[in-house]
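> To start, I am sharing the structure in question, which I have written as structure tokens.
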Ligand SMILES: [Fe+2]
Ligand SMILES: [Fe+2]
């Protein structure tokens, strides 16, 4: 049975929450969602920053610089929304310490701290920008919390560009490195990318959907991503790795 949505898109703002016009549990769920979103944007920004320091292909610099600047801006937008609700960046990040070790944060954490070279950069973009485009476009653009919906709109415009970069690069990578190294990189990254959507059917997601903070379950979005990427791999003669069916996914 579909979950009944209590608040329509963009129906609430910071004043409504700060003045106590809404169930405090709504605010609690929203703060957790925003803290996770902010952290994902920040780690992605750090990954692009790190890529700038380690990349040896100068042709990629302009686009990586652009992505770095935009991801920084995305993080700032979400931290700003948190601040409006009385939560500082430090407090938001502190609330994420345990979550950072979960499989759902493996992709952004790996990009921020361990990714090496051009293929990893491309895979990170496929794992974070393409997934981000789906999550933000499907879930947050219609958020009942107006400031998150507005931030999502700004972010989406730029993520669409990052996505174009990622899909173009995938074709270029096949030409430069050959099919096998790219297949190998896909096997290392795709489990992480799919886990980025998070576990299916949690109480937290149920609350998000009921409050209109998300519209779809993590699993549905993960399936959408796998379908999209499978098609893209087929077009390029690549092999989309098969994954185990339950979260956290690994190679089958
Ligand atoms: Fe972003
Ligand atoms: Fe992005």
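The values are calculated or read from the model by the stated rules, or taken from the named source; none is laboratory data. Quick caveat: nothing in here was measured; it's all calculated off a predicted structure. Don't worry about glycine lacking a Cβ; one is built from the backbone with ideal geometry, like all the others, and counts go over all protein chains shown.
> Are any residues in the range 99-133 without any contact (Cβ under 8 Å) to a residue 40 or more places away in the chain, more than 16 Å from ligand 1 (Cβ to nearest atom) and not in a loop (DSSP other than H, G, I, E, B), and if so, which ones?
Passing the criteria: only 101.
> Specify which of the listed residues (119, 133, 100, 126) is away from ligand 2 (no atom under 16 Å from the Cβ), crowded, with 19+ Cβ neighbours inside 10 Å and within 22 Å of residue 49 (Cβ to Cβ). Walk me through how you get there before you give the answer.
Values: 133 fails: away from ligand 2 (no atom under 16 Å from the Cβ); 100 fails: crowded, with 19+ Cβ neighbours inside 10 Å; 126 fails: away from ligand 2 (no atom under 16 Å from the Cβ).
It is 119.
> A further question follows. Suppose we keep only residues that are free of Cβ contacts under 8 Å to residues at least 40 places away in the same chain and more than 17 Å from residue 235 (Cβ to Cβ) within the range 177-199. Which one would you say is surrounded by the most Cβ atoms within 10 Å (Cβ to Cβ)? Even if it seems obvious, please write down each step before you answer.
Looking only at the range 177-199, we keep the residues that are free of Cβ contacts under 8 Å to residues at least 40 places away in the same chain, and these are 178, 180, 184.
Keeping just the survivors that are more than 17 Å from residue 235 (Cβ to Cβ) gives 180, 184.
On the way: 180: 11, 184: 14.
Among them, the one singled out is 184.
> What are the pairs with Cβ atoms under 8 angstrom where one residue, in the range 19-47, is under 13 Å from residue 208 (Cβ atoms) and the other, located anywhere, is modelled with pLDDT of 95 or more and within 16 Å of ligand 2 (Cβ to nearest atom)? Sequence gap at least six, or different chains.
Listed pairs, sorted by first residue: 34/78; 37/78; 37/140.
> In addition: Which residue out of 109, 113 is away from ligand 2 (no atom under 14 Å from the Cβ), closer than 17 Å to residue 193 by Cα and crowded, with 17+ Cβ neighbours inside 10 Å?
109
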